[in-house]
1. Taking R0 as 22 Å, what's the FRET efficiency between Asn139 and Asp61 from their Cβ-Cβ distance, rounded to 0.05?
2. If each Cα of the stretch 256-411 is one equal point scatterer, what is log10 of I(q)/I(0) from the Debye formula at q = 0.19 Å⁻¹?
3. So what are the radius of gyration and Dmax for the Cα set of the stretch 4-66, in Å?
4. Once you have the Kirkwood Rh of the stretch 356-415 from its Cα pairs, apply Stokes-Einstein at 25 °C and 0.890 mPa s and quote D in µm²/s.
5. Could you give me D for the stretch 36-89, from Stokes-Einstein at 37 °C and 0.692 mPa s, where the hydrodynamic radius is the Kirkwood radius over C-alpha pairs? Units µm² s⁻¹, please.
6. Treating only the Cα positions of the stretch 519-584 as identical point scatterers, give the base-10 log of I(q)/I(0) from the Debye formula at each q in 0.12, 0.24, 0.27 Å⁻¹.
7. Calculate, in nm to one decimal, what Phe336 and Asp762 gain on full extension: separation in residues at 0.36 nm each, minus their alpha carbon distance.
8. For the chain, take the longest principal axis of its alpha carbons; what is the angle in degrees between that and the long axis of helix 341-354, to the nearest 10 within 0 to 90?
Amino acid sequence: MILFKDNTFRLDTANTTYMFRITKFGHLEHVYYGASLDSEDLAEVLAQKRTAMIGNSVDYDGSDKYYSLDNMCLEWSDNGRGDYRQSPTELKMPDGSFISDFIYDSHDIKDGTIPIKGLPSAYEGDQTLVITLKDTALNVVITLYYTVFKKSDVITRRAVLTNNSPGPLHIRRFMSMMVDFHPEKFNMYTLDGGWIKEAHLNRRNVEQGIIVNSSNTGNSSNRHNPAFMLAEESCTEDHGRVFGFNLIYSGNHQSSVEKNGRDIIRVSTGINPHLFEWELNENESFETPEAVMTFSNKGFNGMSHNMHHFVNNHIVRGQWKNRERPMLFNNWEATFFNFDEGKLLKLAKNAKDLGMELFVLDDGWFGERNSDNAGLGDYNINTKKLPHNLKNFADKIRSMGLEFGLWFEPEMVNPDSNLYREHPEYAIRHPDRQPLLGRNQMVLDLCKKEVRDHIVDNVSRILDESDISYVKWDMNRNIAEAYSPAIKNQGEFYHRYILGLYEILSRIFDKRPNILLESCASGGNRFDLGMLCFSPQIWASDNTDPIERLKIQTGLSYFYPLSTIGSHVSQAPHQQTLRDTPLSTRFNVSGFGCLGYELDLRNLSSEEKKDIANQIEFYKKYRKIYQYGTFSRISTSKANKVVWQCVDEDKNTALTGFFQTLVNTAESDDRLIVKGINMGRYNVRTRPQRLYIGRFGELIKHISPVELKPDGIIMSLANRHFSLADSEESFICSSNALESGIPLSSQFMGTGYNKNLRVLGDFGSYIYITERIDV
Ligand code: GLA
């Protein structure tokens, strides 16, 4: 699937072809990326035709007036040789100049993948193309790696720079990949936001100039996720050509899309050059993180299916690869820091009775951690809250039949902690400046070996002593004052921090493969492929409001499979938005991910308990489809609807989530559309859910035989002990009918209530189960 013929490289995946060639002067010229080509398709037909001289450009070589690097589609480019677009490098070469000219020297095609030293990378690729480029004047080499993941339709790229000259080379910019696309009208899509509003999808036209998508907070960030797409203008969820990109990296990243005056579009991605500088001495090499590229001509969903397959099969590894995730209870939103053993055991007992499988003890279990002011760094049990030891508490949880998981924030320290009092030098700060705090805490200096050793020893000891089977690894502030006395060149700080983090994670978790790691950074401040190489799932956001989660999880779903997205049912009204949403919707949204509950189970009414027990039973029955089925976003023409769908591997069962944000009065009829299932006959039914009479407020008096006061005791008791069955629909039809859409029952619109009305109102939702009956 990697071929080299007539100076042309051709990389084929199941449905795509990537082609480039070596020019007569040794540069790599990009030829084609798109749907699979015929074996007869030739580079000379597909490549850019250079038959005009372009005014005021610089000729690369006097022998060819049509060969100007600035006007070519390239796979890699330099500075100082006539290409004025953004180069993937900015190198102060050993001769002190910024001029380089890397041209083809040799190549090799190898089976499988070649791992990167110190950085996580994708595994079990099919073949890797290794191309060596040499500078024409100095003894400096760049090696480009292209790995093909055939079934995922993914190609990864990375680069290694080696200085074989006696003088030092300074890297100011060295991207993982670069490619120039032929002129085309593209839109660029990115995932942007901030704390509690992560991963909102944004679209902008690619016009002449440069669009930059980057982070400089020390992590991949909730501001701009490293993943992005370029899609032809008319692209929809199911039709059109889309290129998807991502980076296997958790630190500062940068991607740029540049359209030049002749509409050629240059894409590059890699480590953010901002505040970056790396010194490379004789015989030293620098390896970039691995960039990920995919193409689909089946719209955004097609691109997502490729990325999901890639993450599930080539990023997530170890014992949790393709394994169903446990259903967890987390005490954070139920108790915050205010708990004791008795309270936790009651919550655990409730969680077990409702069908949950894992109890996660979140922040506040250690040191003087009674608020976020103190205690971070002191991972010794807080005996006022848990009077015995952690093992004793963990055993009590396990004896109830639950697994036990624990929260840590190992990269941080509170100044008010024993760790800081004993080792103030462990925290990042500049010696001559006032230290900066965020959430009352400082970041530990992972560039220092003694700090890394301390974290590894401390966390490992607790994991082993109490036989922990799940860890939530948190990181709650951004880095500032990037400075470490452990390194000579401060331009290396951010990258060395991330290398330090990866080393720590490997040292702790490689030896303990049974532990399920869920990473978190104030929610999704580090939701990236680098972290997914260690943690099979990531807490997507501190925002658990289901209506906000529709935006967050939709955004993430473009690049990350549902098996990686932590999503929990929490209290309503919601702690951040005050939005009051039905319990059914909180579950219906959270089910599309790794489900958990994070609310005070002790306060649930008997109706809510029954409801939650049914939700959990339903989720367990369909968990594999939710987490590993083929996920698609179903387009709807209505702005107040979101529709998600998961189809099982055999394509005989589908789950559809139908969500309404703000109701329109007298809503027009809705349709249920199911796609991607086998031809055949299907039974479709609504997941049974409850309608709480409190939802109707004073309106209830219109149907009640006795007069009820809306805030009276009878209403309040009725709401706790009585609920209505929500509308259920059930029908049989063909896959073709489902693909075109089946009209659903009318929505409630104030003209009376009957059991065939879908009561959606604001924030209502239903799950529809579609199951094949003719097999
Ligand atoms: C962060 C996490 C939350 C919770 C708290 C605990 O905000 O995102 O889920 O663990 O820390 O302090």
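1. 0.50
2. After summing over all Cα pairs, the log10 values are -1.13.
3. So, for the stretch 4-66, Rg and Dmax equal 13.8, 43 Å respectively.
4. 202
5. Rounded, D is 257 µm²/s.
6. Debye curve over Cα of the stretch 519-584, log10 I(q)/I(0) at q = 0.12, 0.24, 0.27 Å⁻¹: -0.30, -1.01, -1.18.
7. Full extension from Phe336 to Asp762 adds 150.5 nm.
8. 90
The values are calculated or read from the model by the stated rules, or taken from the named source; none is laboratory data. Keep in mind that what you see is a predicted model, and the values were worked out from it rather than measured. Backbone-built Cβ (ideal geometry, glycine too); neighbour counts: all protein chains shown. Quick note on the areas: whole protein, heavy atoms, side chains included, nothing else; ligands and nucleic acids left out. Shrake-Rupley method; radii C 1.70, N 1.55, O 1.52, S 1.80 Å.
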